[in-house]
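S.K.: Quick one: this structure, given as structure tokens, is what I'll be asking you about.
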Amino acid sequence: MSGARQRQDDQRRHRQGLVLAAMMVLLAGCARSTAENQELRVGYFPNLTHAQALVGLSDGTFQQALGADVQIRPFMFNAGPSLIEALFAGEIDVAYIGPNPAINGFVKSKGQALRIVAGATSGGAVLVARGDTGLERASSLDGKTVASPQLGNTQDIALRYYLKQQRFKLAEQGGTVTVMPMANADILTSFLTKAIDAAWVPEPWGARLVQEAGGRILLDERDLWPQRQFSTAVVIASARALQERPGLVTNWLRAHVTVTRWMQAHPLEAKQRLNAELNRLTGKPIPAAVLDEAWGRLAFTYDPLAESLRAAGEHAAAVGFLDTVPAPGDLVDMRLLNEALRASDLPPVAQP
């Protein structure tokens, strides 16, 4: 009996051990799931128009809003299409991006991949000509070569639509104006070497072309828009993040509002903080005079300026970059932003 009883005790302990091991595996899996859910992956450019991301990440505002248990994983990009591809691949939850790549990503995914959840920047795009070209008006571009930052980006679309409105035909269509997409840094070099005549660029590149390459501003894009307001950068969120982690996105937007309002109220300190972060990230701060000029043509906002987004989509369709124009009410989702605004006793932004 003693031997049988010993075997029963051994079997019971073995079963208990298996149950304990299974529970440990289950708990470990839950812990991993919790850790994954407490991570927010954020994309942005080291650009002036993405200033809230740069300022809020550097001073800890976003981390404070999300809490110590949430890990922020920042990812820097230099082009909208590559950021959108990362979002499609499930690698990005929230991002700062130009409106046209955001709209294109929405259309390309048939409305399944992302939503615009806030605005970031208004204005801050100019058409600049070389000072020695003799150009004095934006309507005098006949026979000229004009650069844009990237094929299909927000300024490229704006340039092509403007030329269409001015009844210019592109050289590729048998016309007289050549549009050359190239990186902003290459645009500056091409100005200095006289390889191009003009460029439609975001800030601070407009100010750099003026101050470092003797350029002349032919057109401030604000003059083409009602109330001189149009979206230059927006905040997008992946559909998956909105579905699975709306609380994290809301907290991010709450911090985004806080940073935006602080920058509006403290422009001198905001410029210093932004430039310090750009210096850390790129090794090249913006010269103070360039930053001051560029800042004066920008406005930081959390309002996505939905009507300008609708117009941006229509402009892209008019120049052949979109087959369909999304309705602002489908593209823009203000629910989480307005939740963040209510928490701060601020008026909501109208859902288009």
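S.K.: Report whether or not residue 292 is more than 26 Å from residue 251 (Cα to Cα) and modelled with pLDDT of 95 or more. Walk me through how you get there before you give the answer.
M.R.: Numbers: more than 26 Å from residue 251 (Cα to Cα): yes; modelled with pLDDT of 95 or more: yes.
Taking the combined requirement at face value, the residue satisfies it.
S.K.: Every residue in the stretch 327-352 that is more than 17 Å from residue 230 (Cβ to Cβ) and touching a residue at least 60 places away in the same chain (Cβ under 8 Å), please.
M.R.: Those that are more than 17 Å from residue 230 (Cβ to Cβ) and touching a residue at least 60 places away in the same chain (Cβ under 8 Å): 330, 333, 334, 336, 337, 339, 340, 341, 343, 344, 346.
The rows are residues; the columns are (1) free of Cβ contacts under 8 Å to residues at least 24 places away in the same chain; (2) within 24 Å of residue 229 (Cα to Cα); (3) under 17 Å from the mean Cα position of the chain (by Cα).
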position	(1), (2), (3)
268	yes, yes, no
272	yes, no, no
278	no, no, yes
283	yes, no, no
286	no, no, no
301	no, yes, yes
304	no, yes, yes
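S.K.: Say we look at the stretch 102-149 and pick out the residues that are farther than 30 Å from residue 252 by Cα and of a type in the set (D, E, K, R); which of these is nearest to the chain's Cα centre (by Cα)?
M.R.: So the residue we want is 130.
S.K.: Given the criterion at pLDDT 95 or above, assigned by TED's automatic domain parsing to the domain that holds residue 256 and either surrounded by fewer than 24 Cβ atoms within 10 Å (Cβ to Cβ) or not in a loop (DSSP other than H, G, I, E, B) (or both), identify the matching residue among 158, 199, 237. Working first, answer last.
M.R.: Numbers: 158 fails: assigned by TED's automatic domain parsing to the domain that holds residue 256; 199 fails: assigned by TED's automatic domain parsing to the domain that holds residue 256.
That would be 237, the only listed residue that is at pLDDT 95 or above, assigned by TED's automatic domain parsing to the domain that holds residue 256 and either surrounded by fewer than 24 Cβ atoms within 10 Å (Cβ to Cβ) or not in a loop (DSSP other than H, G, I, E, B) (or both).
S.K.: Also, I was wondering about something else. If I filter the stretch 219-242 for residues that are touching an Asp or Glu at 6+ places or on another chain (Cβ under 6 Å) and either among the small types (Gly, Ala, Ser) or closer than 20 Å to residue 73 by Cα (or both), do I get at least one hit? Spell out how you get there, then give the answer.
M.R.: Of the stretch 219-242, the ones touching an Asp or Glu at 6+ places or on another chain (Cβ under 6 Å) are 238, 241.
Restricting the remaining residues to those that are either among the small types (Gly, Ala, Ser) or closer than 20 Å to residue 73 by Cα (or both) gives 238, 241.
The answer is yes, given that some residue of the stretch 219-242 is touching an Asp or Glu at 6+ places or on another chain (Cβ under 6 Å) and either among the small types (Gly, Ala, Ser) or closer than 20 Å to residue 73 by Cα (or both).
S.K.: Out of 129, 171, 125, I need the residue that is crowded, with 22+ Cβ neighbours inside 10 Å and either modelled with pLDDT under 95 or over 30 Å from residue 87 (Cα atoms) (or both). Which one?
M.R.: Values: 171 fails: crowded, with 22+ Cβ neighbours inside 10 Å; 125 fails: either modelled with pLDDT under 95 or over 30 Å from residue 87 (Cα atoms) (or both).
The conditions single out 129.
Residue by residue, here is whether (1) free of Cβ contacts under 8 Å to residues at least 60 places away in the same chain; (2) more than 22 Å from residue 102 (Cβ to Cβ) holds:
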site	(1), (2)
138	no, yes
142	yes, yes
146	yes, yes
152	no, no
160	no, no
165	yes, yes
173	yes, yes
184	yes, no
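S.K.: If you scan the stretch 264-292, which residues turn out to be in contact with a Lys or Arg (Cβ under 9 Å, 6 or more places away or on another chain), surrounded by 12 or more Cβ atoms within 10 Å (Cβ to Cβ) and part of a helix (DSSP H, G or I)?
M.R.: Passing the criteria: 278, 290, 291, 292.
The values are calculated or read from the model by the stated rules, or taken from the named source; none is laboratory data. Quick caveat, the model's predicted, so the values are computed rather than measured. Glycine gets a Cβ as well: all are built from the backbone with ideal geometry, and neighbour counts include every protein chain shown.
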